[in-house]
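*Asks:* Dropping the structure in here first, questions after.
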Amino acid sequence: MALTSESIDSHQRTGQPWNDMLPEALESMSSPREEVRGMGSILSKVSQVFILTDENVAPFWLPEVEYGLKCEKAVEIVIKPGEQHKNLQTVQRIWKILMKHHADRNSLLVNLGGGVITDLGGFAASTYKRGIKFINVPTTLLAMVDAAIGGKTGIDFGGAKNQIGTFAEAEDVLVDPVFLSTLPRREILSGLAEMLKYGFVADADLLKSNLKDYQQYISRAGEIKREIVAKDPMENGLRKILNFGHTLGHAIESHCLTIDYPLLHGEAVALGMAGALWLSVKRCGLDEKVLKDFEKKLLVLLSETEIAFADADVESVMGYLAHDKKNQGDKPQFVLLEAIGNPVWNVEVEPDLVKASLLYIIKVSRR
Ligand code: ADP
Ligand code: ZN
């Protein structure tokens, strides 16, 4: 994608959606210790503490968190980073370590990391001895606003994402934006895309730049997710709105893996949201201005990646759409918007229109 730094800068100057939200803005933030100490009350009630993290997060934050928790005797479990390790083999390794240290039902697992760690750790904890307590300490923006909250845990299996899992609530989720100070800019932008999703389905304020800081954005996004999950924990209806942008997004994400051009989850969701907004204009009477505004944001969201997705890929993406595990039969189900904050779900869209939305995504992401 030919995107010049001028185009990003000028957009940031004029629309300034996220000037305050990129890693530079976090450099002056304080250490997480005060925040983390807040967990002391839980820790005093447990028999043993285990901390699960990955090799990227450990050097930055493991000592800080151990110090903050005053649990120098915690057993550290450090795994290799990346989605490819969110599997049964890693879970077995965690179970074995828990067993070796005689973890009992009163032990606690602290999941310190991104969505891979919170999904995996939550799954290992919720199944070991029929379930031990766990706390999530998310260190990516994506995990802070999505994966770490809402009580879903899981691992990948048989080549597909999140096929095996449990519904299990963390004892606590400790969100501290300071962890984002070491997160690469591309990962921050990926998390921002997921955060905008909440803006589209529930709160226009999240699409503006009038909130003061990360803490406010993250808290609001988390609040929205919690409210929706509380109303529909098992995803029978309303919770589906959290899949806004994900029907097309997942299909694009899967396709890009096969052409060896992996996109981050939030990048694929950003593309998926562009398609969903385009379909919403065509099918649900959404004001076209919403789409035009997002087109500018999309270029910022994709500014750290190259999109290798072209017209010739449309058929392959259509194939992934037909196999989406959330389909009824082979018909993809979309979440679309009548207006910002007014989503409709279980919308079936005719294949020709879906293809047209993919061509729109390709065009708009390559400008
Ligand atoms: P998510 O699903 O939340 O995007 P991952 O667990 O796959 O998360 O994390 C994305 C990448 O960022 C991984 O390589 C992980 O090791 C790394 N990472 C997570 N948190 C931080 C952090 N605070 N600082 C630096 N790297 C991090
Ligand atoms: Zn998502």
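The values are calculated or read from the model by the stated rules, or taken from the named source; none is laboratory data. Everything numeric in this text was worked out from a predicted model, so none of it was measured. Every residue, glycine as well, gets a Cβ built from its backbone with ideal geometry; the counts of neighbours run over all protein chains shown.
*Asks:* Being over 13 Å from the mean Cα position of the chain (by Cα) and closer than 17 Å to G82 by Cα narrows it down to one residue among L183, L141; which is it? Step through it out loud before you land on a result.
*Replies:* On the way: L141 fails: over 13 Å from the mean Cα position of the chain (by Cα).
Step by step, each of L183, L141 is checked, and only L183 is over 13 Å from the mean Cα position of the chain (by Cα) and closer than 17 Å to G82 by Cα.
*Asks:* Can you pull out the residues in the stretch 136-166 that are surrounded by 19 or more Cβ atoms within 10 Å (Cβ to Cβ), out of contact with any Phe, Trp or Tyr (no Cβ under 7 Å at 6 or more places or on another chain) and not in a helix (DSSP H, G or I)?
*Replies:* N136, V137, P138, T140, A148, I149, G150, D156 - these are the residues of the stretch 136-166 that are surrounded by 19 or more Cβ atoms within 10 Å (Cβ to Cβ), out of contact with any Phe, Trp or Tyr (no Cβ under 7 Å at 6 or more places or on another chain) and not in a helix (DSSP H, G or I).
*Asks:* I've got another one for you. Could you check E169 against (1) touching a helix residue (DSSP H, G or I) at 6+ places or on another chain (Cβ under 8 Å); (2) assigned to a loop (DSSP other than H, G, I, E, B); (3) more than 13 Å from ligand 1 (Cβ to nearest atom) and say which number it fails?
*Replies:* (1)
*Asks:* Report, by residue number, each residue of the stretch 120-147 that is of a type outside the set (F, W, Y), more than 8 Å from ligand 1 (Cβ to nearest atom) and without any contact (Cβ under 8 Å) to a residue 60 or more places away in the chain.
*Replies:* G122, A125, S126, T127, K129, R130, G131, I132, N136
*Asks:* Quick one: which helices (runs of 4 or more DSSP H) sit completely within the stretch 7-82 and have at least 2 residues that are surrounded by 12 or more Cβ atoms within 10 Å (Cβ to Cβ) and modelled with pLDDT of 85 or more? Write out each step before concluding.
*Replies:* Numbers: elements: 33-37, 40-43, 57-69.
Where helices (runs of 4 or more DSSP H) fall fully within the stretch 7-82 and carry at least 2 residues being surrounded by 12 or more Cβ atoms within 10 Å (Cβ to Cβ) and modelled with pLDDT of 85 or more, they are 57-69.
*Asks:* Does any residue of the stretch 202-211 turn out to be polar (S, T, N, Q), touching an Asp or Glu at 6+ places or on another chain (Cβ under 7 Å) and more than 16 Å from ligand 1 (Cβ to nearest atom)? Talk me through it step by step, then tell me what you get.
*Replies:* First, the residues of the stretch 202-211 that are polar (S, T, N, Q): 209-210.
Among the residues that remain, those that are also touching an Asp or Glu at 6+ places or on another chain (Cβ under 7 Å) are: none.
No - not one qualifying residue is present in the stretch 202-211.
*Asks:* Regarding the stretch 249-267, can at least one residue be identified that is more than 25 Å from A160 (Cβ to Cβ) and touching a Phe, Trp or Tyr at 6+ places or on another chain (Cβ under 7 Å)?
*Replies:* If we filter the stretch 249-267 for residues that are more than 25 Å from A160 (Cβ to Cβ), which is where we start, we get none.
The answer is no, given that none of the residues of the stretch 249-267 is more than 25 Å from A160 (Cβ to Cβ) and touching a Phe, Trp or Tyr at 6+ places or on another chain (Cβ under 7 Å).
*Asks:* Limited to the stretch 260-276, what total is found for residues that are more than 16 Å from ligand 2 (Cβ to nearest atom) and assigned to a helix (DSSP H, G or I)? Can you show your working first?
*Replies:* In the first step, residues of the stretch 260-276 are kept if they are more than 16 Å from ligand 2 (Cβ to nearest atom); the result is 260-261.
Okay, now just the ones that are also assigned to a helix (DSSP H, G or I), so none.
Residues that pass the stated criteria total 0.
*Asks:* Inside the stretch 289-311, can you point out the residues that are in a helix (DSSP H, G or I), surrounded by 13 or more Cβ atoms within 10 Å (Cβ to Cβ) and of a type outside the set (A, V, I, L, M, F, W, C)? Step through it out loud before you land on a result.
*Replies:* Step one: filter the stretch 289-311 for residues in a helix (DSSP H, G or I), giving 289-301, 311.
Now restrict to residues that are surrounded by 13 or more Cβ atoms within 10 Å (Cβ to Cβ): 290-291, 293-301.
Those that are in a helix (DSSP H, G or I), surrounded by 13 or more Cβ atoms within 10 Å (Cβ to Cβ) and of a type outside the set (A, V, I, L, M, F, W, C): D293, E295, K296, K297.
*Asks:* Quick one: which residue in G237, G285, G275 is at pLDDT 95 or above and either surrounded by fewer than 22 Cβ atoms within 10 Å (Cβ to Cβ) or within 16 Å of ligand 1 (Cβ to nearest atom) (or both)? Show your work before the answer.
*Replies:* Details: G237 fails: at pLDDT 95 or above; G275 fails: either surrounded by fewer than 22 Cβ atoms within 10 Å (Cβ to Cβ) or within 16 Å of ligand 1 (Cβ to nearest atom) (or both).
Only one candidate qualifies: G285.
*Asks:* Next question. Tally the residues that are surrounded by fewer than 12 Cβ atoms within 10 Å (Cβ to Cβ), over 19 Å from G131 (Cβ atoms) and at pLDDT 95 or above, restricting the search to the stretch 83-99. Show your work before the answer.
*Replies:* Keep residues of the stretch 83-99 that are surrounded by fewer than 12 Cβ atoms within 10 Å (Cβ to Cβ), which gives 84, 89, 92, 96, 99.
Adding the requirement that they be over 19 Å from G131 (Cβ atoms) leaves 84, 89.
Next, from what is left, pick out any that are at pLDDT 95 or above: 89.
Here the count works out to 1.
*Asks:* Failed condition for L263, given (1) more than 19 Å from the chain's Cα centre (by Cα); (2) under 27 Å from L206 (Cα atoms), with all others met?
*Replies:* (1)
*Asks:* Right, N111: assigned to a strand (DSSP E or B), away from ligand 2 (no atom under 16 Å from the Cβ) and closer than 20 Å to N87 by Cβ or not? Walk me through it before giving the result.
*Replies:* Values: assigned to a strand (DSSP E or B): yes; away from ligand 2 (no atom under 16 Å from the Cβ): yes; closer than 20 Å to N87 by Cβ: yes.
Yes: the conditions hold for N111.
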